[in-house]
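One structure is given here, and the rest of the page talks about it.
Values quoted throughout were computed directly from the atomic coordinates according to the rules given, and no laboratory measurement underlies them. None of these values were measured; they are calculated from a predicted model. Cβ atoms come from the backbone with ideal geometry, glycine included; neighbour counts cover every protein chain shown.
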Amino acid sequence: MPENVLEVKHLSVSFDTYAGRVQAVRDISFDLRKGETLALVGESGCGKSVTCRSVMGLLAKNAKVDGGEILFENKDLLRQSNRVLRSIRGGKIAMIFQDPMTSLDPTMKIGKQIAETVRLHKPVTRAAAKQRALELLALVGIEEPEKRYHQYPHEFSGGQRQRIVIAIALAADPQILIADEPTTALDVTMQAQILDLIKDIQKKTGASVIFITHDLGVVANVADRVAVMYAGRIIEIGLADEVFYDPRHPYTWGLLASMPTLATDSETLYAIPGTPPTLINPAPGDAFAPRNPWALEADRLVEPPLFPVTETHFAATWLLDERAPKIEPPENIALRARAFREKQSERSAAL
Amino acid sequence: MRLFYMALTLFIIASVTFFLMNALPGTPYNNQDRLTAAQLEMLNKKYGFDQPLFQRYINYLKNLLHGDFGISLQFSDQPVATLLAQRMGPSIQLGLQAVLFGTLVGVFLGVIAAMHQNRFLDVFCSLFAITGRSVPNFVVAVLLQYIFAVTLNWLPIGLWNDGFRSTILPTLALSISPMAESCRFIRTEMVEVLSSDYIELARAKGMGEIRIAFSHGLRNALIPLITVLGPMTVSLMTGSLVVENIFAVPGIGEQFTKSILSNDYYTIMAVTILFSALLVTVIFLTDILYQIIDPRVRVEGAK
């Protein structure tokens, strides 16, 4: 197994708001391995962005880290000085933002915005930084970089701007790339191109990617591993195949069932009933229990730990406890699982 | 095209002023009661007031096209142009200095305030801005005189005979209002800019807060300030009656007021045209400045 480049351990983050203290991230742990793409999946407000902002050290002013550690190069990022964090931010860990229309400075030439990042992290001359910026523009697929270098953001389309944002992220050869819903603001054809670009870059640079999204279609396309988040917790984590074809947590079932496929008839698209809980004084037990038709009594009372399903696959539901009654997952999920097992046995037979 | 509109604007202003001014009660003669009918007629003839208003208007415009502003009725028949040339210099110099100094300091304070939003420095800067806006500049002027000229004896208390040194106190007094104004503007704008996505991206690049504020924030925050800056510059350049009086500066502000009181037609006209020309030019420059600062305007303009 490749080494871990990032380890998040028992991270908890809360926000002070007028309504009270919102526990946005509650005791999250995960590892990021060298060269892999880990997808953080979940609906809005489940804590996926907050998790990544903690890694970047870019939490809002009213946020407070209540505990845990984020290990990177044997350093706990939560306990570093601003100076150290600044050298890591954009240098070793870079971020791609959601909305390319607003994430570039409208009054600065895009070439300068890239070159500036190069110079922040590498002791190079102005000319060398420009050279590097031109290379990056070419790398992310901007044509005629020499000419485009001197243009302003408003002279580019949304997709091109996102390429430029990616070029900025790559400026200092980061080891970790955090992509916070990088395709949400783009139209579908552009999404595919940007996803391909990110995959391509990952192959070329060997960087690890944390991919935040609420779009399972995107996840299937890019992720090696998937962590499903709900109400500030990781409720299921595993290899992409395992989570997609053999999900164990009822919330993941719901998510997959609510994903339109070619077979679904558009009028009957499934939606998980209810709404996510508020995270001010969350109730004990599994936060998903009130919306979960398969919830056990235990799920309502005690927070379920992450039960191992395989060596790489874990899910936080009491359904996986040996004392739990046997429950059949919904039909479509069972179908997926069966198809998956067949595929796997074929594969192992072939080996 | 642009120049044509500017000229048209000036022409309209000149025409309107001419007729409005002639509608004012009174005549340029301050001892009219004691003049005989014959004397009056003679004087009227001399200055051309015996002709019908419209004819005078045409004549005036004709002269204007030849660069002749007429002669002052108030100051012993001096040509208005010479008079203005003497008086304009100090006013323009003071105005420009005040705007430059005021805006620079104001912008700096505004940025500091925005960076420390709702903390001590912000409150301090905002308090300063409010005070600056509410205290009239003649109060500031007198205070400055008392502190720097009377008590400390560092700078001349007034007059226009000590080169740059005599401009310092009036400049300071005049700069309070642009300072307060730009501080307030920049703070509001900067607070918004600093919470925008591209600033977040700059943070994610690993850039320090101060550098972010000045290299990415300020330029974006400056755009709305430019709009108010133009007219402010003109109003300061065209002289402040009170401040010029307090410091005994031979500026244009005082002259203008006097010329209105004494129905000094040609001086009124000349000063009005001059002010308008300045305003039109400054607005033109403002638009150019816009284009320099905001590249998006450049493209729209080119289309």
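Key figures
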read-out: Histogram of C-alpha separations across segment B:85-258, 10 Å bin width, %; value: 10, 34, 29, 18, 8, 1, 0
read-out: Cβ-based exposure ranking for B:S166, B:S259, A:S87, in which fewest neighbours within 10 Å come first; value: A:S87, B:S166, B:S259
read-out: Value of Rg/Rh across segment A:4-223 [Cα atoms, Kirkwood radius]; value: 0.97
read-out: For segment B:216-277 and segment A:37-105, distance of Cα centres in Å; value: 52
read-out: Distance between modelled label sites at A:D173 and B:L159, nm, 7 Å Cα→Cβ extension; value: 7.1
read-out: Likely footprinting exposure, A:W318, B:W160, fewest C-beta neighbours within 10 Å first; value: B:W160, A:W318
read-out: Per-residue Cβ neighbour rank within 10 angstrom, fewest leading, A:K109, A:K203, B:K205; value: A:K203, A:K109, B:K205
read-out: Under 17 Å from the A:A220 label point (7 Å along Cα→beta-carbon), backbone N, segment A:181-207; value: A:188-189, A:191-193, A:195-196
read-out: Two-site FRET efficiency, B:L261 against B:I283, from Cβ-Cβ distance with R₀ of 30 Å, rounded to 0.05; value: 0.55
read-out: Hz values of 3J(HN,Hα) by residue in segment A:92-100 - Karplus curve (6.51, -1.76, 1.60), Gly and Pro given as x; value: 9, 10, 10, 10, 10, 8, 6, 10, x
read-out: Relative contact order (%) - segment A:70-211, alpha-carbon pairs under 8 angstrom, separation at least six; value: 32
read-out: Spacing of the two label points (7 Å from each Cα toward its C-beta) at B:K46 and B:L61, in nm; value: 2.9
read-out: Environment charge of B:K62, counting only residues whose C-beta is closer than 13 Å and scoring Lys/Arg +1, Asp/Glu -1; value: 0
read-out: Cross-link table A:K64/A:K326; A:K203/B:K205; A:K64/A:K199; A:K9/A:K199, entries beyond 29 Å C-alpha to C-alpha; value: A:K64/A:K326; A:K64/A:K199
read-out: FRET efficiency, 1/(1 + (r/R0)^6) with R0 56 Å, evaluated for A:E3 and B:V228 via beta carbons; value: 0.45
read-out: Estimated inter-spin distance, A:T184 and A:E303, nm [label 7 Å along Cα→Cβ]; value: 2.5
read-out: Difference of contour (0.36 nm per residue) and Cα-Cα distance, A:E73 to A:E322; value: 85.8 nm
read-out: For residues of A:104-114, the mean tally of beta carbons on other chains within 10 Å; value: 5
read-out: Computed lengthening from A:I280 to A:A128, 0.36 nm per intervening residue step minus Cα-Cα distance; value: 49.7 nm
read-out: Volume per residue that the Cα convex hull of the protein assembly as shown spans, once the total is divided by residue count, Å³; value: 239
read-out: Relative contact order (percent, whole number), chain A, Cα cutoff 8 Å, 6+ residue spacing; value: 19
read-out: For segment A:228-350, convex hull of alpha carbons as volume per residue, Å³; value: 118
read-out: Size of chain B as Cα extents on the principal axes (Å, biggest first); value: 85, 59, 30
